[in-house]
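Student: The following block contains the structure, expressed as structure tokens.
Derivation of every value follows stated rules applied to the coordinates shown; laboratory data play no part. Since the structure is predicted, the reported quantities are computational estimates derived from the model, not experimental observations. Cβ placement follows ideal geometry from the backbone for every residue including glycine, while neighbour counts extend to all protein chains displayed.
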Amino acid sequence: MKRRSLLGAAVPVGVAALAMAGAGQAARAAPAATGRMNRDYGLNSAGPFEIVARFDGPGPSGIAVTPGRRIFVGFPRHAINHAGVTLAELRADGLHAYPDTQWSMPSDRPPQQRLMSVHGMTTDTRGRLWCIDDGKLAGQSLAPGAAKVIGIDPEKNTIFANIVLRPGIVLPDSHMNDLRVDLTHGAAGTVYVTDSSFGLSPALVVVDIATGRQRRVLATHPAAQAERGFMAVVEGRPLVFDPPRHKPGFVWGGIDGITLSPDSRTLYFCPLTSRRLYSIPTAVLSDFSTTEAQLAQAVRDEGEKGVADGLATDGQGRIYTTNFEHDAIFRRNVDGSFDTMVRDPRVLSPDGIFVDGNDVYCTLGQWNRLGGLNGGHDLRVPPYYLIRFPADPPDAVDALHVK
């Protein structure tokens, strides 16, 4: 909406005063301020959305929906080592451990034989569910075999892929955050995983599904790094990422958000502590013979997209970006323009995001309120939400002009 339509024709105060003086009139003092004042209309809520589920226990992160419209949610344990499920199917009667309680609930099974801390989730073009288990339990060191890529067949409810990320690929401060699966490269496909890092060692991890071959790439490239001196305004507070001088006061990290183009030819990604969006051709990225120099040359800066955690792409190639500064979800259109899809004070720390046809799902975990970011005080206020909104809302109908 143009400013003129809201406020009428605006005339700068200085120009008005000069015009009055030219007419021989005495200048007058401005009237005292009253209750009626200009306001920022950008503070209004925007965009329709519905609350699909409320969670009173652990905060949600990953979200994926299969072609059969089964909804799966991840509850990581890297921030709070909770005793609930880490991967669940959301049904009409609540959450159910998935694929079963042995895998999803805490136990004494070896780390490679249970889900430790499910974070990012997605589906492939065959409708199969994929998860990244970051392997991290709050307050504990990352155990060997804990970080892994998991593939689940939702028709059989069984795990068909369990690819443990080996030492060197996983670092002591690794935070395997999100993933996308490309079935157009490799004999069985290729997985791309973002390691946003709990420290300052982010990278993109490439995994060949058929062979289990793995490598870390772009570890020193600016497209993977958290920007030093970066400032974010979170719930009205200006916060600066300036380690090691100051402990970060907001959710921060290197390469984090990740999404594929509809044809899987391009991978889009972004650091969490950045406003830039980057891309790279998957033909280059999936080729294990490609050198770091060649990969770096293939990275393209796609411009600004705001502060984003999760990324998701719809069938038209439009990219949905969560934004924890504005309690919002934006959409980057194919021409580079942006739309506001959702903006609301309840949209705190929008995280995992998934597009299912014309429906877009997003988890709200209030991660910026964790105790580790607020002097040891956990400021989160349950419930946490899973929301859904339309990618293309129907046009509003003017009842006075319906033919």
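Student: Which of GLY254, GLY352, GLY317 moves most in a GNM of the chain, Cα contacts under 10 Å?
Tutor: Its mean-square fluctuation being the largest, the pick is GLY317.
Student: A follow-up question, please. Taking Cα atoms, how many degrees apart are the long axis of helix 13-22 and the longest axis of the chain, rounded to 10 and kept between 0 and 90?
Tutor: Between helix and principal axis, roughly 10 degrees.
Student: Let me ask something else. Rank by packing, highest mean first: peptides 330-339, 83-92, with packing defined as the count of other Cβ atoms within 10 Å averaged across residues. Can you show the working numbers first?
Tutor: Working: 330-339: 13.4, 83-92: 17.8.
Sorting 330-339, 83-92 by mean packing, highest first, produces 83-92, 330-339.
Student: Using per-residue counts of other Cβ atoms within 10 Å, averaged over each peptide, order 237-248, 100-111, 200-211 from highest down.
Tutor: Details: 237-248: 12.2, 100-111: 14.1, 200-211: 20.9.
Highest to lowest by the protection proxy: 200-211, 100-111, 237-248.
Student: Let me ask you something else. Lys and Arg at +1, Asp and Glu at -1: add these up for the other residues within a Cβ distance under 12 Å of LEU129 and post the number.
Tutor: Result for the local shell: 0.
Student: State whether region 51-390 is rounded, prolate or oblate according to the following rule on the C-alpha gyration tensor (a ≥ b ≥ c being the square roots of its eigenvalues): a/c under 1.5 gives rounded; otherwise a/b larger than b/c gives prolate, and the remaining case gives oblate.
Tutor: Values: a/c = 1.15, a/b = 1.01, b/c = 1.14.
Cα axes put region 51-390 in the rounded bin.
Student: Same structure again: Rounding to the nearest 20 debye, state how big the charge dipole of region 51-390 is about its Cα centre with +1 on each Lys and Arg Cβ and -1 on each Asp and Glu Cβ. Numbers along the way, then the final one.
Tutor: On the way: 34 positive and 36 negative charges, 66 e Å.
Magnitude of the dipole: close to 320 debye.
Student: Report the net charge of residues surrounding ASP327, where surrounding means a beta-carbon distance below 11 angstrom and charges are Lys +1, Arg +1, Asp -1, Glu -1.
Tutor: -1
Student: Return the calculated 222 nm mean residue ellipticity for the chain, to the nearest 500 deg cm²/dmol, obtained by summing -39500 (n - 2.57) across DSSP H runs with n ≥ 4 and dividing by the residue count. Intermediate values should be presented prior to the final figure.
Tutor: Details: 5 runs with 30 residues, N = 403.
Roughly -1500 deg cm²/dmol at 222 nm, from the helical runs in the chain.
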